1. Probe radius 1.4 Å, ligands and nucleic acids ignored: give me the carbon and sulfur share of the accessible area of the chain as a rounded percent.
2. Given a Förster distance of 25 angstrom, what is the FRET efficiency for residue 49 paired with residue 73, based on the Cβ-Cβ distance and rounded to 0.05?
3. For the stretch 1-71, which trypsin sites (Lys or Arg not before Pro) are in a loop by DSSP, counting at most 15 other Cβ atoms within 10 Å?
4. Select one label from (i) 1.62; (ii) 0.98; (iii) 2.26: the one whose number is Cα Rg over 2.2 N^0.38 Å as derived from the coordinates shown.
5. In Å², what does the accessible area per residue of the chain work out to with a 1.4 Å probe?
6. Let me check I've understood the local charge: for residue 43, count other residues with C-beta under 15 angstrom from its C-beta, Lys and Arg +1, Asp and Glu -1. What total comes out?
7. Can you give me the distance in nm between label points at residue 33 and residue 57, each placed 7 Å from the Cα along the Cα-to-Cβ direction?
8. Starting from the amide H of residue 48, placed 1.01 Å from N in the peptide plane, find each other amide H under 5 Å away whose residue is 5 or more places distant or on another chain.
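The values are calculated or read from the model by the stated rules, or taken from the named source; none is laboratory data. Owing to the predicted nature of the structure, the values given are computational and were not obtained by experimental measurement. Glycine gets a Cβ as well: all are built from the backbone with ideal geometry, and neighbour counts include every protein chain shown. For accessibility, only protein heavy atoms count, side chains too; no ligands or nucleic acids. Shrake-Rupley method; radii C 1.70, N 1.55, O 1.52, S 1.80 Å.
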Amino acid sequence: MSKELSGLETEIENTRDRLAANIDQLLYRAHPKTIAQREVASVKGFFVDARTGEPRTDNILKVVGGVAGVVGFFVLVRHITR
């Protein structure tokens, strides 16, 4: 009986340790600073090639073109409504 209890206690302790590790990982991943670092890395990855460190001009031009298009649209709408 005590052998079964000892095995059960060990299993409970192992489960508790795994649960604590999972909670620690979730707290780390949900921390605002960690989220901000992930997002910055994601944006950098979109505009900079990770292997070479060179800027990705195709993606930069797409974003600049999109911004220019939106600004042009608002200028045109404002000009028409006046």
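1. Values: 4850 of 7490 Å².
It is 65 percent, rounded to a whole number.
2. Details: r = 31 Å, r/R0 = 1.24.
The value I calculate is 0.20.
3. Working: sites: 3, 16, 18, 29, 33, 38, 44, 51, 56, 62; in loops: 51, 56.
Those that pass, being in a loop and sparsely packed, are 51, 56.
4. Only one option fits the structure, namely (iii).
5. Numbers: 7490 Å² over 82 residues.
Value returned for the chain: 91 Å² of accessible area per residue.
6. Values: positive: 38, 44, 56, 62; negative: 39, 49.
Result for the local shell: +2.
7. Going from the residue 33 label point to the residue 57 one covers 3.9 nm.
8. 56
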